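The values are calculated or read from the model by the stated rules, or taken from the named source; none is laboratory data. The structure displayed is predicted, hence computed values, not measured ones. Neighbour counts run over all protein chains shown; Cβ positions are idealised from the backbone, glycine included.
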């Protein structure tokens, strides 16, 4: 997928320059897919993986470098290792030491699966480092905020202070949630906006089916997804379903205008990080900050700090799902590929979802937290819509007819999700059926059920 250009230090001289980031990403006829998987790490007693503890993140990074050829990434020569890279893939850290694999872009879901399952094997081989296990869940099941330390990225202290002023769950979003996301190409402005509208409308359905964060601080909460609850009150300026984008005439210029008016987090210059939470990007363009003028690199950094349910950068990124074990996580890119990369399925999804309108979809997001696929929308339910959308994706993937060496096409990855949707069950329903925090081996059993 497109990478940052060599012009990131170029000053922005006019608002029209901001569209260039998206226009440079137009790739007619290219249909790659990338996956980003976050995992929660913990020890056999349920205590969390931490960056500064031993054993901890640094021991895991050292083992991945030594055994599997990953390369350490630092912000500066003497700075701590905060990420790993290998080819076009990377392993990064969320603020509470959640591991995130950003896989390389691939031409089909079979290739995505090969990379993701290889990565899972590498992580499973690290069990000798303190017995660490990585879980596919949307929210840390046992840790309190005070149990976690902070990954020492320069922007995190700024976010730590700012986000609690913007909503109730900013710190939970940073340190206790985990997701699986997918990234897609777009051919033109019209293609980008059409896919964005469908992705925004489909996101609550995806959230409902992928809901997988029922346990918080060791207790069942009665929620299908605590992560979904977190995202309803985190920072409404930079999250949600983008009401401006739903009109048929909305374009990338509207996305730019929205992004210009969202407060920034930082301005970074070499080894220095400057707080910018008092500035929108529009004001930064006009006034600068401590003598620094806005560059295209600043703009791309800002776009990366916007968290709507679907967002446009150099790819379209869909963001609504809780993290899940690999067999379910791989269903997510397959579902989206079947919709977004097949013109018939995309048109059908547009006709199915968009007539409900932004306000109805925004309202149903709150219902998903407790009701999941049984949440009502208009005269139907999210479960009914999930089954319809999975059928559309199945048809789209059949038309793609991309097969692995055993002759299976990408529809195979949809089967675990289709089986859940038939009974209005979410991922968490399947994983935790019969589990109780009161059972004698509750922590061990939970880990076994939810391993990535």
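The set of residues in region 45-66 that are over 18 Å from residue 85 (Cα atoms) and surrounded by fewer than 17 Cβ atoms within 10 Å (Cβ to Cβ) comprises 45, 47, 52, 53, 54.
When you scan region 202-214, do you find a residue that is more than 17 Å from the chain's Cα centre (by Cα) and either part of a loop (DSSP other than H, G, I, E, B) or crowded, with 22+ Cβ neighbours inside 10 Å (or both), even just one? Checked region 202-214: at least one residue is more than 17 Å from the chain's Cα centre (by Cα) and either part of a loop (DSSP other than H, G, I, E, B) or crowded, with 22+ Cβ neighbours inside 10 Å (or both). Of all the criteria given as (1) farther than 25 Å from residue 319 by Cα; (2) at pLDDT 95 or above, the one not satisfied by residue 17 is (2).
Report yes if some residue within region 138-145 is buried (at least 20 other Cβ atoms within 10 Å of the Cβ), assigned to a helix (DSSP H, G or I) and either touching a residue at least 40 places away in the same chain (Cβ under 8 Å) or out of contact with any strand residue (DSSP E or B) (no Cβ under 8 Å at 6 or more places or on another chain) (or both); otherwise report no. No, region 138-145 contains no residue that is buried (at least 20 other Cβ atoms within 10 Å of the Cβ), assigned to a helix (DSSP H, G or I) and either touching a residue at least 40 places away in the same chain (Cβ under 8 Å) or out of contact with any strand residue (DSSP E or B) (no Cβ under 8 Å at 6 or more places or on another chain) (or both).
Of all residues in region 302-342, those that are out of contact with any strand residue (DSSP E or B) (no Cβ under 7 Å at 6 or more places or on another chain) and assigned to a helix (DSSP H, G or I) total 10.
Hey, does region 216-224 have a residue that's under 26 Å from residue 304 (Cβ atoms) and buried (at least 19 other Cβ atoms within 10 Å of the Cβ)?
Step one: of region 216-224, the residues under 26 Å from residue 304 (Cβ atoms) are none.
No - not one qualifying residue is present in region 216-224.
Residues that are without any contact (Cβ under 8 Å) to a residue 40 or more places away in the chain, over 18 Å from residue 330 (Cβ atoms) and over 23 Å from the mean Cα position of the chain (by Cα) number at least 3 in the following helices (runs of 4 or more DSSP H) confined to region 374-439: 382-400.
Need at least 1 residues that are within 21 Å of the chain's Cα centre (by Cα) per element, so show me which strands (runs of 3 or more DSSP E) inside region 47-105 make the cut, counting only ones lying wholly within it.
Values: elements: 71-74, 81-86, 89-93, 99-102.
Output list reads 81-86, 89-93, 99-102.
Consider region 73-92 and keep the residues that are in contact (Cβ under 8 Å) with a residue 12 or more places away in the chain and within 17 Å of residue 126 (Cα to Cα). The one that is surrounded by the fewest Cβ atoms within 10 Å (Cβ to Cβ) is 91.
Residues in region 158-165: is at least one out of contact with any helix residue (DSSP H, G or I) (no Cβ under 6 Å at 6 or more places or on another chain), over 24 Å from residue 268 (Cα atoms) and either assigned to a helix (DSSP H, G or I) or at pLDDT 95 or above (or both)?
Step one: of region 158-165, the residues out of contact with any helix residue (DSSP H, G or I) (no Cβ under 6 Å at 6 or more places or on another chain) are 158-162, 165.
After this cut, where a residue has to be over 24 Å from residue 268 (Cα atoms) as well, the list is none.
There is no residue in region 158-165 that is out of contact with any helix residue (DSSP H, G or I) (no Cβ under 6 Å at 6 or more places or on another chain), over 24 Å from residue 268 (Cα atoms) and either assigned to a helix (DSSP H, G or I) or at pLDDT 95 or above (or both).
Inspection of region 125-134 finds a residue satisfying the criterion of being closer than 28 Å to residue 171 by Cα, under 20 Å from the mean Cα position of the chain (by Cα) and at pLDDT 95 or above. Entry remark, region 326-346: residues being surrounded by fewer than 21 Cβ atoms within 10 Å (Cβ to Cβ), under 17 Å from the mean Cα position of the chain (by Cα) and within 15 Å of residue 33 (Cβ to Cβ) number 0 in total.
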